[in-house]
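Chemist: Handing you this structure, nothing more for now.
The values are calculated or read from the model by the stated rules, or taken from the named source; none is laboratory data. All figures in this text were calculated on a predicted structure; none of them were measured in a lab. A quick note on method: Cβ atoms are made from the backbone with ideal geometry, for glycine too, and the neighbour counts reach across all protein chains shown. Side chains are part of the model used for accessible areas, which takes the heavy atoms of the whole protein and leaves out ligands, DNA and RNA. Shrake-Rupley method; radii C 1.70, N 1.55, O 1.52, S 1.80 Å.
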Amino acid sequence: MLPPLFSGAASAQVLGYASAPPSAFPTDNVLKEEGDGSVLPERLRRTIVALDSREAPGTIIIDTGNTVLYYVLGQGRAIRYGVGVGREGFTWAGVQTISHKAEWPDWHPPAQMIARQPYLPRFMAGGPGNPLGARAMYLGSSEYRIHGTNDPTTIGKFVSSGCIRLTNEDVSDLFSRVDIGTRVVVLPKNGPHVVASAIDGTATNPIRATAASPRRLVTSALY
């Protein structure tokens, strides 16, 4: 059961911000070829789970603290995907909707990212070497996206500047299920988590201990 964490369609909020030298952000512009999806541990592999949620079928729920995304199927079930989320200082929480979808999207690094990492390209055409991977779903008017990655070893980690990443295989599957206007609920990293179970009732996603919440700042989204 999801608690009433949000009132209205909240704009994206970043939980803190801290500048750092380029070496602190090695995963923003990883250009690797996607490897074998079997590198993912069991809890991050795509599967159907039992999920008690008040959200309507077709809703996406992102449990930031547990690095998983749920696509609500209804009747107490959901598809669980492993994801990579924002690193320290770049996680956020709120409610958005999918405003645009793209296959093999181009990448335009935001100005804030280029300011931190001036060596980044100003533009990269879509394709297997693009950090946004095979598909992207854009969230509202922000620059946040749910997108693929050519480095599946980052799934399950706190690595991005706020975007949510899945393996290319998983993002393609999710992309095929969602429409423009799909509701996306992003839970705070240090808040209550979703508890899902295997269809046989075995717990699959234990609740993590909470920590002190960082200060909240409103800022623009980054990759």
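Chemist: Just in region 111-173: which chymotrypsin sites (Phe, Trp or Tyr not before Pro) are loop by DSSP and have at most 10 other Cβ atoms within 10 Å?
Modeler: Numbers: sites: Tyr119, Phe123, Tyr138, Tyr144, Phe158; in loops: Tyr119, Phe123, Tyr144.
The qualifying sites are Tyr119, Phe123.
Chemist: Label His100 and Ser172 with points 7 Å out from Cα along Cα→Cβ: what is the distance between them in nm?
Modeler: In this crude label model, His100 to Ser172 measures out at 2.3 nm.
Chemist: Here's another thing I want to ask about it. Counting only protein heavy atoms, what percent of the accessible surface of region 121-164 is carbon or sulfur at a 1.4 Å probe? Let's see the in-between values first.
Modeler: Details: 750 of 1260 Å².
Result for region 121-164: 59 percent of the exposed heavy-atom area is carbon or sulfur.
Chemist: Something else about it: Would you mind computing, in nm to one decimal, how far apart the modelled labels at Arg54 and Val39 are, each placed 7 Å from Cα along Cα→Cβ?
Modeler: Between Arg54 and Val39, the simple spin-label model gives 4.0 nm.
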